[in-house]
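> Just dropping this structure here.
FYI, it's all coordinate maths here, none of it is from the lab. These numbers were taken from a predicted model, which means no experiment stands behind them. Note: ideal-geometry Cβ built from the backbone for every residue, glycine included; neighbour counts use all protein chains shown.
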Amino acid sequence: MDSKHSFLKIAWNLFLITAGSLLCAAAINGIIIPNQFLAGGVSGLSLFIHYLFPAVPVGGANFLLNIPLFVVGWLFVGRRFFFYSLAGMTIFSAALLVSVPVFPINDSLLKALTAGIITGVGSGVILKSLGSGGGLDILSVILLKRFSIRIGTTVMGFNCALMLASLFRFNLEIVLYTLIYLFVTTQIVNLVVTGLNQRKAVMVISPRWREIAQEIMDTMQRGVTIVNGEGGYTGQGQRILYSVITFQELSRFKDMVRQHDPQAFLVVTETLEVMGKGIGNQPHW
């Protein structure tokens with residue numbers, strides 16, 4: 001049973017990596033290259049080299065440029081992530097060598113938006129696996145694990161610097177369309193990677209705090225912390241309920257609070273990462 005489970009786990013992760021790599025490669029070969037757009041990260045550098053020296057294939061340049069990053073990845077990320085990412089980088093580089101039809105889109109803005117959506121979905125699918133497609137993904141995961149910097153933020157910052165450097169070689173219009181493509185990619189990656197896994201921190205202040213706390217624990221099966229507080233105007237003691245729930249549970253949580261106390265004070269805030277059994281959403285890398 002264990003060996004079967006391990007095989008299925010490996011097969012599923014390789015499927016995610018392959019599917020995501022094919023999507024990213026389709027966007028590059030079907031939209032980016034035919035329109036002489038740029039890209040970000042290692043793929044962007046590979047495209048830059050390909051435009052300067054057309055005889056150099058994008059896939060081959062991507063493979064060679066990834067080698068230094070994989071050396072860093074071997075030192076700072078887990079071995080499992082490293083080997084899955086090595087597979088991802090190899091699959092992605094091979095996918096870039098496959099020719100695909102040019103997307104039949106005439107408007108340049110729509111081309112940039114479409115490429116951004118496809119690349120964002122592809123990159124997000126890859127990052128939903130236990131690895132990555134290599135390149136900037138490795139650096140992004142290292143920064144996320146060590147400094148809690150979101151993956152999309154790292155990608156956007158690096159790519160903006162790359163676009164500034166590209167202004168010395170490409171015209172402004174191409175760079176602006178590429179920035180649109182990169183921005184859309186960043187947003188879609190964050191949506192796919194976190195998406196409905198986003199956790200919400202909730203605080204409730206109500207005289208019926210005891211009943212609400214009991215229902216959070218019994219009905220919603222979530223933990224709750226009771227914090228002693230004091231009203232700033234009245235000076236009276238109050239109990240503040242603090243809990244973390246999933247995005248899908250938010251609507252049901254609000255309905256539950258209203259049923260107990262329609263006048264309850266409820267605050268909902270976003271979370272970046274949550275660590276802990278049952279409710280945690282820290283990335284699996």
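> Restricting the search to segment 231-244, which residues are under 19 Å from D261 (Cβ atoms) and either outside any loop (DSSP other than H, G, I, E, B) or in contact (Cβ under 8 Å) with a residue 12 or more places away in the chain (or both)?
Matches in segment 231-244: G237, Q238, R239, I240, L241, Y242, S243.
> While we're looking at this one, here's another question. Are any residues in segment 234-267 farther than 24 Å from L144 by Cα and either touching a Leu at 6+ places or on another chain (Cβ under 9 Å) or among the acidic types (D, E) (or both), and if so, which ones?
Q248, E249, F253, K254, D255, V257, R258, D261
> So for segment 161-182 (the condition being more than 16 Å from I31 (Cα to Cα) and within 13 Å of the chain's Cα centre (by Cα)), does at least one residue qualify?
no
> Further question on the same structure: So, G116, is that one small (G, A, S) and under 26 Å from V71 (Cα atoms) or not?
Working: small (G, A, S): yes; under 26 Å from V71 (Cα atoms): no.
Judged against the criteria, G116 is not a match.
> Quick check, is Y177 out of contact with any Cys (no Cβ under 9 Å at 6 or more places or on another chain) and over 30 Å from E273 (Cα atoms)?
Yes: the conditions hold for Y177.
> Evaluate the following for S132: is it outside any helix (DSSP H, G or I) and crowded, with 22+ Cβ neighbours inside 10 Å? Can you show your working first?
On the way: outside any helix (DSSP H, G or I): yes; crowded, with 22+ Cβ neighbours inside 10 Å: yes.
Against the criterion (outside any helix (DSSP H, G or I) and crowded, with 22+ Cβ neighbours inside 10 Å), S132 qualifies.
> Return the only residue of V98, V56, V72, V102 being among the hydrophobic types (A, V, I, L, M, F, W, C), surrounded by fewer than 16 Cβ atoms within 10 Å (Cβ to Cβ) and assigned to a helix (DSSP H, G or I).
So the residue among V98, V56, V72, V102 that is among the hydrophobic types (A, V, I, L, M, F, W, C), surrounded by fewer than 16 Cβ atoms within 10 Å (Cβ to Cβ) and assigned to a helix (DSSP H, G or I) is V72.
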